[in-house]
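What follows is a set of notes on a single structure, which appears directly below.
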Amino acid sequence: MTDAVMVTALADGLLAVVIAVPVLVVGGGIAIAARRRGGPADGDGTSGGVAVAERPSTAAPAPPSAAAPTVETPVEAPAPPVPEPEPEPASYRGRLGKARGLLSGYIGSVRARARIDAATWDDLEEALIRADVGVGATDALLDDLRGRVKSGEIGGPDALVDALKGDLVAMLSTGHAALAEVGADRPAPVEGEPARTVDVWLFVGVNGVGKTTTVGKVATRLSGGGTPVLLAAGDTFRAAAGEQLSLWAERSGADVVRGAEGGDPSSVVFDAVQRAASKGTELVLADTAGRLHNKVNLIEELKKIRRVSDRPPGRVTEVLLVLDATTGQNGLAQAKVFLDAVDVSGVVLTKLDGTAKGGIVVAIQRELGLPVKLVGLGEGAGDLIDFDAEAFVDALF
Amino acid sequence: MFESLTDRFEGILTRLRGRGRLSDADVDEVLREIRTALLEADVEIGVVRTFTTAVRDRCVGLELSQSLSPGQQVIKIVNEELVAILGGETLQIRYASRPPTVVLLAGLQGSGKTTASAKLARWFKQQGRNPMLVGADLQRPAAVEQLRVLGGQAGVSVFSEASDPVAVATAGLEEAKRLGRDVLIVDTAGRLSIDADLMDEIRHIAGAVQPDYTFLVIDAMTGQDAVSTAEAFHEALSLDGVILTKLDGDARGGAALSVKEVVGRPIAFASTGEKLDDFDQFHPDRMADRILGMGDVLSLIEQAERTMDKDVATKGAAAIIEGRFTLEDFLEQLQQVEKMGSISGMMSLIPGISKDIKKASEAVDDGQIGQVKAIIYSMTPQERTDPSIIDGGRRVRIANGSGTTTSDVNALLKQFKEMQKMMKGFGKGGMGGALGGLGGLLGRGGPKMSPKGMADMAAMVGDSDLAALGAGAPAGAPGLPSGGGAAPRGGKKGKGGKKGKGGGRVTPKSR
């Protein structure tokens, strides 16, 4: 509340500034230059206006529905979803083997030394930085280890590497990391409200991290495991995102609720929850449009999606932040904003089958306490597996 | 979260004031800060090492000038080195003598290839070309559909068929020739650099269409891995340049530096928003500022220049400078500023603006401008020129007329008075004074805003420092090409803007 008041107060003074700066910037220079030259200011004939306007936010307080989302049911008993042949379940070590060459070099050279010296610390630091763990988390980890080496707790290079790995595993294991059990701990219905019979998992994140693909994979995994799901195509912004999700729905044999392109995503999720409730489906997986975390109107839109999803008969039991393993230090900023806005419950780290290590999750866990729940190791439907801290840390080096 | 490098340096270097030169130890301390700043900006660690070595060589024994603070001098060096790496040649598209000019886009999954393809097609169209898109991403579900929709928005036709990527690309090339299209843009599936099969596939695509330009599309948020990705793609495809996407986020974009340094090819284009028009050729000097955390004042300037009516702006500025800025002028400028888009978007381009201020600017977006306009509309011309005649009765009339309250009217009048005061300062101090004033104003309103920081910035933007920074760019570097590939705009106006106090340089990077 006080925040809001202050913001309003600030806005007052701000207006003047906002007006003055661009006017001076554009007009001032011209006028001054003109004065100097003693002639009229002339433009430089720029053209091709690039606007800054962002996509229209649908966060306006309009009640959901109206957009009349359509429900697609997979055509008549879909020929049993042809799961692409999955010869072997994805595994960290198998998949990451080929990408592990570089960093193991640093750790290898640390282990190879007879004792711990300056080069040891440099190697460890470089290994962590290269894995995108970040300067802050790296310094904290190494400072602690330096203390323990000094006190004699850690003896040689091998013990140091093991201690570092142990610290990382411990750090990444804190916090409850299992996915919410569907239908568990249902609250008693409030009088006058429908019972909350539908769990909603929201998938959020910036553009291009793999949200839609992740929803598809989770759907495949759950449907395959006997938990029917309904998909909500809440990305109404990106061209053909709905089609993409529909194709995943076909593969996994799930229903999908879609809205019009450019429609209100909240209403799509709302309708999906209604439909799930009427069909007795207990879980809705809601895709959302990618949004950069610094676009306030889009974050507001996401908050609204969450609010609407949490209305009976729905309740939000997971908000999964999808994070691309190639993401660098900006991942922390992303996690902060999304956590703050929609109370993220866990991270899905995608594209870990490449050369990127995804070390930013260490910083995210350390600073925000957000656990990694799932890991994406490839494009196949079966390539999304539970996070395993030990395997992750092994692969980090 | 990130302090600007300027702030970091000032802390270390204030105590050096008055000394003649920087010692080795001073330089080491400064370099540590630079290193941290670059790593936090996701510059690859090897590139950071090379970079800090170069900076060290220039800093050791540096003669400290009297006019610049030591911090500013080091920043200047850092900036020059950054621009030197990022800049160099800017890609000038040379169209094939036998059309079509073929452009191939490659990159990791989710880097933004499909969107960049459509934006690039639109850019070519704006250059007066007649492009065609080929959707060769048959991997991701509905990728071709996405390209078709975006192509439709860009007014560019899209070719694809359900065969295999190499065949699609080949057929697309034939189709472009048949239809007489002069630019062909091939969108491909995202692939990991270590996926041997897919890397082979894209090699075959390249072999089939013989691209004139092969661009790697890379996400500005990419971390340390940017280098290995870029190296692998460069090795496979021999890249001609890079397209940097998602620059509208708040990532510092150090990946740009890493890739440029390692691949040695220019960053050709940058994508700065979700709209098809949010795409332009890359400006190395601005990217340097961004990596250092100094905001993007120049983009703001350019944006302003593109959207605002020059005559109106000139009139308004003249009024400000001559100290006769009226509510009528205010209204006119307000309409101008509205054309530039969201105020919060603009504020995000100004360095040193705190989160609170950004939040506040959201509130301004939410209709405050409308209210202000309504109030001024309800005034008589006389009142607009001389608001001092607005007494109680007039106030009530204005409030009623604009659907506001008398306290709203009062608030506006008070604000306007403040603004007039501030603007008198601008007239005297030029841009430097303006930003100084701005800092003061924001300092009052926003507890977290550091007026000092603003003043520093003012000093940098307004007077000799930034001019000095700009002067460091390589001579052959591009001006700030805008919109439709107009001539670099430095020269013309730059002549008027000599350095010095009160110079009011607004195109500081002219060369």
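Structure above, values below:
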{"read-out": "Candidate set from the range B:198-235 (those that are in contact (Cβ under 8 Å) with a residue 12 or more places away in the chain, farther than 22 Å from A:GLU126 by Cβ and among the acidic types (Asp, Glu)); member that is surrounded by the most Cβ atoms within 10 Å (Cβ to Cβ)", "value": "B:ASP219"}
{"read-out": "Checklist (1) surrounded by fewer than 20 Cβ atoms within 10 Å (Cβ to Cβ); (2) under 19 Å from A:GLN334 (Cβ atoms) applied to A:VAL372, failing item", "value": "(1)"}
{"read-out": "Count of the range A:223-237 residues which are more than 14 Å from chain B (Cβ to nearest Cβ) and crowded, with 24+ Cβ neighbours inside 10 Å", "value": "4"}
{"read-out": "Residue that is modelled with pLDDT of 95 or more, within 21 Å of B:ALA143 (Cα to Cα) and in contact with a strand residue (DSSP E or B) (Cβ under 7 Å, 6 or more places away or on another chain), where the choices are A:ALA276, A:ALA233, A:ALA249, A:ALA272", "value": "A:ALA233"}
{"read-out": "Lone qualifier among B:LYS246, B:LYS260 - being modelled with pLDDT of 90 or more and of a type in the set (Lys, Arg)", "value": "B:LYS246"}
{"read-out": "Top-ranked residue of the range A:294-318 - restricted to ones that are surrounded by fewer than 23 Cβ atoms within 10 Å (Cβ to Cβ) and either in a loop (DSSP other than H, G, I, E, B) or within 10 Å of the chain's Cα centre (by Cα) (or both), ranked as nearest to the other protein chains (Cβ to nearest Cβ)", "value": "A:ASN294"}
{"read-out": "Any hit, the range A:283-292, residues being over 30 Å from B:ALA118 (Cβ atoms), in contact (Cβ under 8 Å) with a residue 60 or more places away in the chain and either in the same structural domain as A:ALA341 (by TED's automatic domain parsing) or crowded, with 22+ Cβ neighbours inside 10 Å (or both)", "value": "yes"}
{"read-out": "The one condition in (1) at pLDDT below 90; (2) touching a Lys or Arg at 6+ places or on another chain (Cβ under 9 Å) that A:GLY354 fails to fulfil", "value": "(2)"}
{"read-out": "Residues of the range A:126-141 satisfying the condition of being surrounded by 19 or more Cβ atoms within 10 Å (Cβ to Cβ) and of a type outside the set (Val, Ile, Thr)", "value": "A:ALA127, A:LEU128, A:ARG130, A:ALA131, A:ASP132, A:GLY134, A:ALA137, A:LEU141"}
{"read-out": "Residue among A:VAL200, A:VAL161 that alone is modelled with pLDDT of 95 or more and of a type in the set (Val, Ile, Thr)", "value": "A:VAL200"}
{"read-out": "Breaking point among (1) modelled with pLDDT of 90 or more; (2) more than 10 Å from chain A (Cβ to nearest Cβ); (3) touching a helix residue (DSSP H, G or I) at 6+ places or on another chain (Cβ under 6 Å); (4) within 23 Å of B:ALA84 (Cβ to Cβ), for B:PHE269", "value": "(3)"}
{"read-out": "Selection within the range B:144-175 - in contact (Cβ under 8 Å) with a residue 60 or more places away in the chain and within 14 Å of another protein chain (Cβ to nearest Cβ)", "value": "B:LEU150, B:GLN153, B:ALA154"}
{"read-out": "Tally of residues being within 28 Å of the chain's Cα centre (by Cα), farther than 21 Å from A:GLY105 by Cβ and in contact (Cβ under 8 Å) with a residue 24 or more places away in the chain across the range A:138-165", "value": "1"}
{"read-out": "Residue selected from the range A:344-385 under the condition under 28 Å from A:SER252 (Cα atoms) and without any contact (Cβ under 8 Å) to a residue 40 or more places away in the chain, by the criterion farthest from the other protein chains (Cβ to nearest Cβ)", "value": "A:VAL347"}
{"read-out": "Hey, A:LEU245 in a helix (DSSP H, G or I) and not assigned by TED's automatic domain parsing to the domain that holds A:GLY290 or not", "value": "no"}
{"read-out": "Qualifying residue in the range A:74-97 (condition: modelled with pLDDT of 90 or more and over 27 Å from the mean Cα position of the chain (by Cα))", "value": "no"}
{"read-out": "Identity of the residue in the range A:160-178, outside any helix (DSSP H, G or I) and in contact with a helix residue (DSSP H, G or I) (Cβ under 9 Å, 6 or more places away or on another chain), that ends up nearest to A:LEU142 (Cα to Cα)", "value": "A:THR174"}
{"read-out": "Subset of the range B:272-288 (residues that are within 12 Å of another protein chain (Cβ to nearest Cβ) and assigned to a loop (DSSP other than H, G, I, E, B))", "value": "B:THR272, B:GLY273, B:GLU274, B:LYS275, B:LEU276, B:ASP277, B:ASP278"}
{"read-out": "The lone exception for A:ARG291 - which of (1) within 14 Å of chain B (Cβ to nearest Cβ); (2) assigned to a helix (DSSP H, G or I) it fails", "value": "(2)"}
{"read-out": "Extreme residue, farthest from A:LYS357 (Cα to Cα), among residues of the range B:221-242 that are more than 13 Å from every other protein chain (Cβ to nearest Cβ) and in a strand (DSSP E or B)", "value": "B:GLY241"}
{"read-out": "Any hit, the range A:205-217, residues being out of contact with any Phe, Trp or Tyr (no Cβ under 6 Å at 6 or more places or on another chain) and either acidic (Asp, Glu) or free of Cβ contacts under 8 Å to residues at least 24 places away in the same chain (or both)", "value": "no"}
{"read-out": "Tally, over the range B:123-143, of residues that are at the interface with chain A (Cβ under 8 Å from one of its Cβ atoms) and either within 18 Å of B:ARG191 (Cβ to Cβ) or buried (at least 23 other Cβ atoms within 10 Å of the Cβ) (or both)", "value": "5"}
{"read-out": "Residues satisfying the stated conditions in the range B:240-262, i.e. surrounded by fewer than 22 Cβ atoms within 10 Å (Cβ to Cβ) and either among the hydrophobic types (A, V, I, L, M, F, W, C) or not assigned by TED's automatic domain parsing to the domain that holds B:ALA106 (or both)", "value": "B:VAL262"}
{"read-out": "Tally of residues being at pLDDT 85 or above, surrounded by 16 or more Cβ atoms within 10 Å (Cβ to Cβ) and aliphatic (A, V, I, L, M) across the range A:164-186", "value": "8"}
{"read-out": "Of all residues making up the range A:248-264, the number that are within 11 Å of chain B (Cβ to nearest Cβ) and in a helix (DSSP H, G or I)", "value": "4"}
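Conditions tested, residue by residue: (1) touching an Asp or Glu at 6+ places or on another chain (Cβ under 7 Å); (2) farther than 22 Å from B:GLY110 by Cβ.
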residue: B:GLN146; (1), (2): no, no
residue: B:GLY151; (1), (2): no, no
residue: B:LYS177; (1), (2): no, yes
residue: B:ILE205; (1), (2): no, no
residue: B:ALA208; (1), (2): no, yes
residue: B:THR214; (1), (2): yes, no
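The values are calculated or read from the model by the stated rules, or taken from the named source; none is laboratory data. Everything numeric in this text was worked out from a predicted model, so none of it was measured. Every residue, glycine as well, gets a Cβ built from its backbone with ideal geometry; the counts of neighbours run over all protein chains shown.
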